[in-house]
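Colleague: I have a structure here, written as structure tokens, and I will follow up with some questions on it.
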Amino acid sequence: QVQVVESGGGLVQAGGSLRLSCTASGSMFSINAMGWFRQAPGQQRDLVAKITNGGSTIYADSVKGRFTISRDNAKNTVYLQMNSLKPEDTALYYCKVETRYSVYWGQGTQVTVSA
């Protein structure tokens, strides 16, 4: 059984910062990539940032320069440092874990940015 657990969401004022964490545990093949997606009410789930085993990163244009993804391979943990938050960043943030054969999702952590 694989578990993916996110933490770090919350309510913050515009311009503030939050740091999300996601840890994968359980029996699974080696992780190839970990990433963060977000979904606002009535919207589709979109990629925010992704990091591969080798450290390559991809960011959505809307968060470039404000968000930073990092990873601790030994702990199967990925982080998302979010700075200069905007009200439009408000969403449920999901962690995605990719192995060679499977994809696992967390339950999501809410990020709310007030104007």
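Colleague: Right, Ser25: surrounded by fewer than 17 Cβ atoms within 10 Å (Cβ to Cβ) and touching a Ser or Thr at 6+ places or on another chain (Cβ under 9 Å) or not?
Modeller: Numbers: surrounded by fewer than 17 Cβ atoms within 10 Å (Cβ to Cβ): yes; touching a Ser or Thr at 6+ places or on another chain (Cβ under 9 Å): no.
Against the criterion (surrounded by fewer than 17 Cβ atoms within 10 Å (Cβ to Cβ) and touching a Ser or Thr at 6+ places or on another chain (Cβ under 9 Å)), Ser25 does not qualify.
Colleague: Among the residues of region 55-62, are any surrounded by fewer than 18 Cβ atoms within 10 Å (Cβ to Cβ), modelled with pLDDT under 95, out of contact with any helix residue (DSSP H, G or I) (no Cβ under 7 Å at 6 or more places or on another chain) and over 16 Å from Gln107 (Cα atoms)?
Modeller: yes
Colleague: Which members of region 83-100 meet the condition of being within 12 Å of Trp36 (Cβ to Cβ) and either among the aromatic types (Phe, Trp, Tyr) or in contact with a Ser or Thr (Cβ under 6 Å, 6 or more places away or on another chain) (or both)? Before the answer, list the steps.
Modeller: Taking region 83-100 and keeping what is within 12 Å of Trp36 (Cβ to Cβ), we get 89, 91-97.
Scanning region 83-100 gives Tyr93, Tyr94.
Colleague: So, one more: Restrict the check to region 98-111 and report whether at least one residue is in contact (Cβ under 8 Å) with a residue 40 or more places away in the chain, basic (Lys, Arg), assigned to a loop (DSSP other than H, G, I, E, B) and exposed (fewer than 13 other Cβ atoms within 10 Å of the Cβ).
Modeller: Taking region 98-111 and keeping what is in contact (Cβ under 8 Å) with a residue 40 or more places away in the chain, we get 98-102, 104-111.
Right, trim to basic (Lys, Arg) and you get 100.
Retained after the next criterion (residues that are assigned to a loop (DSSP other than H, G, I, E, B)): 100.
So of that shortlist, the ones also exposed (fewer than 13 other Cβ atoms within 10 Å of the Cβ) come out as 100.
Within region 98-111, one or more residues are in contact (Cβ under 8 Å) with a residue 40 or more places away in the chain, basic (Lys, Arg), assigned to a loop (DSSP other than H, G, I, E, B) and exposed (fewer than 13 other Cβ atoms within 10 Å of the Cβ).
Colleague: Okay, next question. Regarding region 91-100, can at least one residue be identified that is closer than 21 Å to Gln1 by Cβ and among the β-branched types (Val, Ile, Thr)? Lay out the reasoning, then the answer.
Modeller: Initially, region 91-100 is screened for residues closer than 21 Å to Gln1 by Cβ, giving 94-100.
Within this subset, residues satisfying the condition of being among the β-branched types (Val, Ile, Thr) are 97, 99.
Looking for residues that are closer than 21 Å to Gln1 by Cβ and among the β-branched types (Val, Ile, Thr), one finds at least one in region 91-100, hence yes.
The values are calculated or read from the model by the stated rules, or taken from the named source; none is laboratory data. This structure is a prediction, so every number in the text was calculated from the model and none was measured. Methodologically, a virtual Cβ is constructed for each residue, glycine included, from the backbone with ideal geometry; neighbour enumeration extends over all protein chains shown.
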